[in-house]
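Undergrad: Below you will find the structure I want to go over with you.
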Amino acid sequence: MMKTLNFADFEKILEGVLKPGRYIGNEFGIKSKSISGIKDFDTKVFFALVFPDVYEVGMSNLGVQILYDAVNSYDDYIAERVFSPWIDLEANLRSSKIKLFSLENRIFLDEFDIIGFSLQHEMQYTNVLNILDLGGLNLRSKDRQGKNPLICAGGPAAVNPLPMAPFIDFFVIGDGEEIITKILKVLKQYKLENRDKTWFLNNIRNFEGIFIPSDYKFFYFADGKIKKIKPDLKVKKAAIKDLDDYKIVTNPLIANIKPVHDRFVCEIMRGCFRGCRFCQAGFTYKPVRMRKAKNLISDCLEGVSRSGYDEISFLSLSSADYRELGFLVNSFLDLNKNKKISVSLPSLRLDSFTINIAEIIQSGRKTGLTFAPEAGTQRMRNIINKNIDESEMLECIKIAFEKGWQKIKLYFMIGLPFENEKDIEGISELVKKIISVAQNILPKNKTQRLNINLSINAYCPKPFTPFQWCAQNSAECLNRKFSKIRNSLPKRFVTVSWSDPQKSGIECALARGNLKVADVIEEAFKNGAKFDNWSEFFNFEIWRNAFMKTNTDMIFFTQRETGTDEILPWDFIDIGVRKEVLLKEFDKAKNLALNNE
């Protein structure tokens, strides 16, 4: 019998908790089996699906819904969810000496056969350690012997696995839908035959996408650069060839309390054609794979009906590039004329087709348009391969104003490679041009309601992009650039948000780190770092002290240009894009910068 949290203790630890709905489970759409009727636990594989952030964030993650649905579709596999407890529940758990548990059957974390972490962002790494600690588990893989649960991790922030490698038994690099069932099949045999961890790892080693940290050794020069990686073998990313082989989740879990994104989600495409040189997802999710619209229409009708949602999101990295988008949107709306279902499309580009689609889906409500020019000048957009021409952009925004939109959100980055002062000035100049267009188009009474929301983010040159060899700007440099933009913007009509450059520096060090950075993560965690992606919890001093105490140079991973002949910490991962392709794109960017000074 598995050890679970009894109801009396459950009630006790919920006392004084701000949002108990995060922990009570029993949502609509639960797929995990009740353990009360299980007679032979050795025939079942228990999988803790862990999202290292709060419930509202994790319940908005499509990957969690996909894996939860996939694993629980098998009779012998049971997936249960675990999220990071908020500080109030954590305090109650620790004071009561009660271990962290799953939502569905309140199974203690260390009772599971396998624990899988979904790593969506580098700033979640300390939450992973906090969850292991709350579950009564040793942090490092080498210290977890015997029948401790196996610990795995995957997701976008696992493409460079080294900073988290000492804490994880194995990683899944790439798409998880297909490989997860292969892993669980081996795990069932491992459990039935009472095998050890070595046997299990030996039997999954040759699956696509599997990285086992204990298999690799890294050798370093005196200056900290990597000398060689042994064995000289690449871990090939797991990639689903045909998305239509995997039906979208049509009966999703419905959160008890309002999640960050509260709507039915349909993934229409995986990957992106665009090739923006700054975008990690654009390269790591290749190749581009599209679902057939004819299949999606019926699946979406089923999903909206079963979930009860009144909004659907057609999700991809670049929705306007989905060939059947017009047909899909129009067909879905035609079939839901009397149901008042709204449609959202993330990741739209600026063109007339997008505006027409936006007008259809917003049905006259004109809630707002979101665009990502990323850079303020044509020179910089050419360098980063963001193929948006300024004249076309302004014409598109003009059409939007003519059609009645008054709210626009714009995303920009600063600290991009080869950026100069004119590129920084170009951001405020572009915003002023947009305001001028609005004033010429909108009637006076509507001009008063014009709102341009400007989001400015510090750029982090991440692995598996053509800019992976570039340095990140210092926090001081980024603050100066932001101040210049903010001071040159008209106060009227414009609101500005800005990412913390110190936090961006830590993110960059974690994204580009080697095994040494694992010591930093553990030291930061032990000194109170958690929920680092939340501005109210991020503490730069904890991280700076962690780098100092472990004798690790943060600047080595952030503000240092890397030689193109240098072995990078993630070079043993085959993400599906050859390094020569990234180098070629990097050279194109350099040439564009040199020819447009």
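The values are calculated or read from the model by the stated rules, or taken from the named source; none is laboratory data. If you're wondering where the values come from, they're calculated on a predicted model, not measured in any experiment. All Cβ positions, even for glycine, are placed from backbone atoms using ideal geometry, and neighbour counts span all protein chains on display.
Okay, residues lined up against (1) closer than 27 Å to residue 593 by Cβ; (2) free of Cβ contacts under 8 Å to residues at least 60 places away in the same chain; (3) of a type in the set (Val, Ile, Thr):
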| residue | (1), (2), (3) |
| --- | --- |
| 380 | yes, yes, no |
| 388 | yes, yes, yes |
| 394 | yes, yes, no |
| 401 | no, yes, no |
| 416 | yes, no, no |
| 447 | no, yes, yes |
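Undergrad: Specify the residue that is modelled with the lowest pLDDT; the eligible residues are those in region 364-377 that are in contact with a strand residue (DSSP E or B) (Cβ under 6 Å, 6 or more places away or on another chain) and on the phi > 0 side of the Ramachandran plot.
TA: The extreme case among them is 368.
Undergrad: A follow-up question, please. Might you let me know whether region 156-175 holds any residue that is surrounded by fewer than 18 Cβ atoms within 10 Å (Cβ to Cβ) and farther than 22 Å from residue 462 by Cβ?
TA: The answer is no; no qualifying residue exists.
Undergrad: If I ask for residues that are within 24 Å of the chain's Cα centre (by Cα) and within 15 Å of residue 48 (Cα to Cα), which ones from region 136-169 would you list?
TA: Matches in region 136-169: 150, 151, 152, 153, 154, 168, 169.
Undergrad: State the number of residues belonging to region 437-449 that are over 21 Å from residue 354 (Cβ atoms), part of a helix (DSSP H, G or I) and out of contact with any Leu (no Cβ under 9 Å at 6 or more places or on another chain).
TA: Residues flagged as over 21 Å from residue 354 (Cβ atoms), part of a helix (DSSP H, G or I) and out of contact with any Leu (no Cβ under 9 Å at 6 or more places or on another chain) within region 437-449 amount to 5.
Undergrad: Checking residue 190 against (1) in a loop (DSSP other than H, G, I, E, B); (2) over 24 Å from residue 127 (Cα atoms), which single condition isn't satisfied?
TA: So residue 190 meets the others, but not (1).
Undergrad: Scan region 71-88 and tell me whether some residue there is over 26 Å from residue 172 (Cβ atoms) and modelled with pLDDT under 95.
TA: Initially, region 71-88 is screened for residues over 26 Å from residue 172 (Cβ atoms), giving 86-88.
Okay, now just the ones that are also modelled with pLDDT under 95, so none.
No, because not a single residue in region 71-88 is over 26 Å from residue 172 (Cβ atoms) and modelled with pLDDT under 95.
Undergrad: Would you be able to say whether some residue in region 564-572 is in contact with a strand residue (DSSP E or B) (Cβ under 6 Å, 6 or more places away or on another chain) and modelled with pLDDT of 95 or more?
TA: So far as region 564-572 goes, yes, one or more of its residues are in contact with a strand residue (DSSP E or B) (Cβ under 6 Å, 6 or more places away or on another chain) and modelled with pLDDT of 95 or more.
Undergrad: Working only within region 233-282, note down all residues that are aromatic (Phe, Trp, Tyr) and either over 23 Å from residue 21 (Cα atoms) or without any contact (Cβ under 8 Å) to a residue 24 or more places away in the chain (or both).
TA: 246, 273, 278
Undergrad: May I pose another question? Based on what the data block shows, is residue 244 acidic (Asp, Glu) and either in a loop (DSSP other than H, G, I, E, B) or closer than 26 Å to residue 56 by Cβ (or both)?
TA: For residue 244, the condition - acidic (Asp, Glu) and either in a loop (DSSP other than H, G, I, E, B) or closer than 26 Å to residue 56 by Cβ (or both) - is not met.
Undergrad: Looking at residue 35, is it surrounded by 18 or more Cβ atoms within 10 Å (Cβ to Cβ), more than 26 Å from the chain's Cα centre (by Cα) and modelled with pLDDT under 95?
TA: Details: surrounded by 18 or more Cβ atoms within 10 Å (Cβ to Cβ): yes; more than 26 Å from the chain's Cα centre (by Cα): yes; modelled with pLDDT under 95: yes.
Spelling it out, residue 35 is indeed surrounded by 18 or more Cβ atoms within 10 Å (Cβ to Cβ), more than 26 Å from the chain's Cα centre (by Cα) and modelled with pLDDT under 95.
Undergrad: So the check is Cβ under 9 Å with 6+ separation or different chains; which pairs have a first residue in region 558-585 that's over 14 Å from residue 469 (Cβ atoms) and of a type in the set (Val, Ile, Thr) and a second one that's surrounded by fewer than 14 Cβ atoms within 10 Å (Cβ to Cβ) and modelled with pLDDT of 95 or more?
TA: 573/234
Undergrad: Looking only at region 462-500, count every residue that is acidic (Asp, Glu) and surrounded by fewer than 16 Cβ atoms within 10 Å (Cβ to Cβ) and tell me the total.
TA: Going through region 462-500 one residue at a time, the tally reaches 1.
Undergrad: Would you mind telling me which numbered condition in (1) more than 24 Å from residue 70 (Cβ to Cβ); (2) under 27 Å from the mean Cα position of the chain (by Cα); (3) outside any loop (DSSP other than H, G, I, E, B) residue 296 fails?
TA: (1)
Undergrad: Return the only residue of 298, 318, 305 being at pLDDT 85 or above, buried (at least 17 other Cβ atoms within 10 Å of the Cβ) and not aliphatic (A, V, I, L, M).
TA: On the way: 298 fails: buried (at least 17 other Cβ atoms within 10 Å of the Cβ); 305 fails: buried (at least 17 other Cβ atoms within 10 Å of the Cβ).
Exactly one of 298, 318, 305 is at pLDDT 85 or above, buried (at least 17 other Cβ atoms within 10 Å of the Cβ) and not aliphatic (A, V, I, L, M), namely 318.
Undergrad: Run residue 36 past the list (1) hydroxyl-bearing (Ser, Thr, Tyr); (2) over 28 Å from residue 262 (Cα atoms); (3) in contact with a helix residue (DSSP H, G or I) (Cβ under 7 Å, 6 or more places away or on another chain) and report the number of the one that doesn't hold.
TA: Of the numbered conditions (1) hydroxyl-bearing (Ser, Thr, Tyr); (2) over 28 Å from residue 262 (Cα atoms); (3) in contact with a helix residue (DSSP H, G or I) (Cβ under 7 Å, 6 or more places away or on another chain), the odd one out for residue 36 is (3).
Undergrad: How many residues does region 133-173 contain that are acidic (Asp, Glu) and not in a loop (DSSP other than H, G, I, E, B)?
TA: Counting residues in region 133-173 that are acidic (Asp, Glu) and not in a loop (DSSP other than H, G, I, E, B) gives 2.
Undergrad: Would you confirm whether any residue within region 514-526 is more than 25 Å from residue 168 (Cα to Cα), of a type outside the set (Gly, Ala, Ser) and surrounded by 15 or more Cβ atoms within 10 Å (Cβ to Cβ)?
TA: No: zero hits.
Undergrad: Something else about it: Going through region 413-429 one residue at a time, which ones are surrounded by fewer than 22 Cβ atoms within 10 Å (Cβ to Cβ) and either modelled with pLDDT under 95 or part of a helix (DSSP H, G or I) (or both)?
TA: Across region 413-429, the qualifying residues are 421, 422, 423, 425, 428, 429.
Undergrad: How many residues are without any contact (Cβ under 8 Å) to a residue 60 or more places away in the chain, surrounded by fewer than 17 Cβ atoms within 10 Å (Cβ to Cβ) and charged (D, E, K, R) if we restrict to region 67-89?
TA: Counting residues in region 67-89 that are without any contact (Cβ under 8 Å) to a residue 60 or more places away in the chain, surrounded by fewer than 17 Cβ atoms within 10 Å (Cβ to Cβ) and charged (D, E, K, R) gives 1.
Undergrad: If only one of 438, 511 is touching an Asp or Glu at 6+ places or on another chain (Cβ under 6 Å), touching a residue at least 24 places away in the same chain (Cβ under 8 Å) and small (Gly, Ala, Ser), which one is it?
TA: One residue alone meets the criteria, 511.
Undergrad: Considering only residues of region 527-552 that are among the aromatic types (Phe, Trp, Tyr) and crowded, with 18+ Cβ neighbours inside 10 Å, which is nearest to residue 90 (Cα to Cα)?
TA: By that ranking, first place goes to 531.
Undergrad: Do we find that residue 361 is in a helix (DSSP H, G or I), modelled with pLDDT under 75 and not charged (D, E, K, R) in this structure?
TA: The answer is yes for residue 361.
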